[in-house]
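Structure first, commentary second.
The values are calculated or read from the model by the stated rules, or taken from the named source; none is laboratory data. Given the structure is predicted, the values throughout are model-derived calculations rather than measurements. Don't worry about glycine lacking a Cβ; one is built from the backbone with ideal geometry, like all the others, and counts go over all protein chains shown.
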Amino acid sequence: MAHPADSEAEHQNTVLVIVGGSMAAVKAPSVLRRLRGGGVKVNVIATRAALAFITELSLSTAADGPVGTDEAWFSPRPDALHLTLAKADAAVIVGASAELLAGAAHGHASDLAQATLLSVPGPVLWVPAMNAAMWRNPAVQANVQRLREWGHHFLGPEVGAFGTRGEGAGIGRMAGPEDIAAAALKLLEPALPPESEGRDLEGLKVVVSAGPTREYLDPVRFISNPSSGKMGFAVAQDARDRGAEVVLVTGPVNLPGPPGMAVVRIGSALELRDAVIQAAHDADIVVMTAAVADYRAAEPAGEKQAKVAGDVSIHLTPNPDILAELGRDRGGRVLVGFAMETHAGVERAAAKAARKNADFILLNYPTQAGTAFGGDDNQVTLVRADGSHEDWPRTSKRVVARRLLDEALRVHVQRTAG
Ligand code: CTP
């Protein structure tokens, strides 16, 4: 089946990385490696000032290709180097100096970096690094303001110590390589198709569970977890936008029920089980993002329990495993689970997929900042029962949702064809 994702796969995105003259230039190779690890091609320019802090060789090794320099620009060559390097889907300026900001804010083209920036068609991300006093200077702030008004993006600078002699303290430290690469990759995210297009789930029923469950010990106390529900809501919304009939079964979360779908609000794992099993009997795809409490109180108290002197213990009993129950009688349905692991992630997730008879599990890492619990981004690995797996780059939960449904649809098409 033709699918919008197919055409995206053919185009390899290119990011132009301009390295500015700052101590932070030494972090540029790490940014380059992370971008390439995220599946993009990089074009690199080092300003004259950058080359005082880092060698061309370190940059070209990390970039796996030549580095654009003023020397190369002014040498005889068959192409206009600034136009060749500007063929990029986005630009990121690592270690952006006051000089680079001023040049861009005033349309200067006196070196390769500035001339290329004037020609880049895609979004531009500035990652400044400079002394706190310079950053606060009104001239610098006016240039930043001007660039923001033109739609340029900024990451940082951050507050913290920097520089070799402790001369830098306060605001001015550059963001870390991981955050820079993640922000640059985010600029490349495809716009989601408008509602009238890409209705490739038309005629299918998708059931999604989201959020935590609450297992009450007494009327006012419960066992739960910090799941925000964002991942499941993103899956439900994407399925709806692609034309599916959607049932979203959610535990207590701080999100409004999205329009255009049936929203069932539940509290405990037992309630979640009943609602999911009922909705799933005629479903084509079931996605379990819910963070189900594994145990509930064996005998919840009918009245609020007053404290007693000394230790107390609570008798817990296991909750039913909903995904495993669906898997025991999978039929033609595509079953997708999520798993959080802190160690041996792929092996444990593959074993989980096999045990629960899920088609695949998206594995995420609770220890990563900005992802998983509560964050807007997620970094997941798709793991199948046979152990085959794919690392997906860190991206928004919306895009993870879309890729998840792309994969679920592929499995559905294969299963119904075969
Ligand atoms: N799940 C479920 N019912 C449960 C527990 C989990 O349907 N009672 C689903 C989750 O929604 C998720 C997947 O199973 O999609 C994996 O959940 P996880 O808690 O990691 O699995 P467990 O079997 O509880 O594994 P562990 O032993 O690591 O806790």
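Tabulated results
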| read-out | value |
| --- | --- |
| Those strands (runs of 3 or more DSSP E) lying entirely in the stretch 257-361 with at least 3 residues within 14 Å of the ligand (Cβ to nearest atom) and buried (at least 16 other Cβ atoms within 10 Å of the Cβ) | 285-288, 334-340 |
| Complete set of residues in the stretch 391-418 that are within 12 Å of the chain's Cα centre (by Cα) and of a type in the set (Gly, Ala, Ser) | Ser396, Ala401 |
| Qualifying positions in the stretch 201-221 - within 16 Å of the ligand (Cβ to nearest atom) and of a type in the set (A, V, I, L, M, F, W, C) | Val206, Val207, Val208, Ala210 |
| Positions within the stretch 59-78 being of a type in the set (S, T, N, Q) and assigned to a helix (DSSP H, G or I), in sequence order | Ser60, Thr61 |
| Meets criteria (on the phi > 0 side of the Ramachandran plot, of a type outside the set (Val, Ile, Thr) and modelled with pLDDT of 90 or more) for Gly170 | no |
| Failed item, numbered, when Ala90 is tested on (1) farther than 22 Å from Ser22 by Cα; (2) buried (at least 22 other Cβ atoms within 10 Å of the Cβ); (3) of a type in the set (Gly, Ala, Ser) | (1) |
| Long-range neighbours under 8 Å by Cβ, at least six apart or interchain, first residue closer than 21 Å to Lys397 by Cβ within the stretch 348-366, second within 9 Å of the ligand (Cβ to nearest atom) and among the aromatic types (Phe, Trp, Tyr) | Ile361/Phe338; Leu362/Phe338; Leu363/Phe338; Asn364/Phe338 |
| Selection from the stretch 19-38 of residues that are of a type outside the set (Val, Ile, Thr) and under 19 Å from Met134 (Cα atoms) | Gly20, Gly21, Ser22, Met23, Ala24, Ala25 |
| Pairs with Cβ under 6 Å, 6+ apart, first in the stretch 256-281 and among the hydroxyl-bearing types (Ser, Thr, Tyr), second within 13 Å of the ligand (Cβ to nearest atom) | Ser268/Thr213; Ser268/Glu215 |
| Some residue of the stretch 384-392 being part of a strand (DSSP E or B), at pLDDT 85 or above and away from the ligand (no atom under 16 Å from the Cβ) | yes |
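Yes/no matrix, rows are residues, columns are (1) farther than 14 Å from Leu112 by Cα; (2) crowded, with 18+ Cβ neighbours inside 10 Å; (3) touching a residue at least 60 places away in the same chain (Cβ under 8 Å):
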site	(1), (2), (3)
Lys41	yes, no, no
Ala49	no, yes, no
Thr61	yes, no, no
Glu71	no, no, no
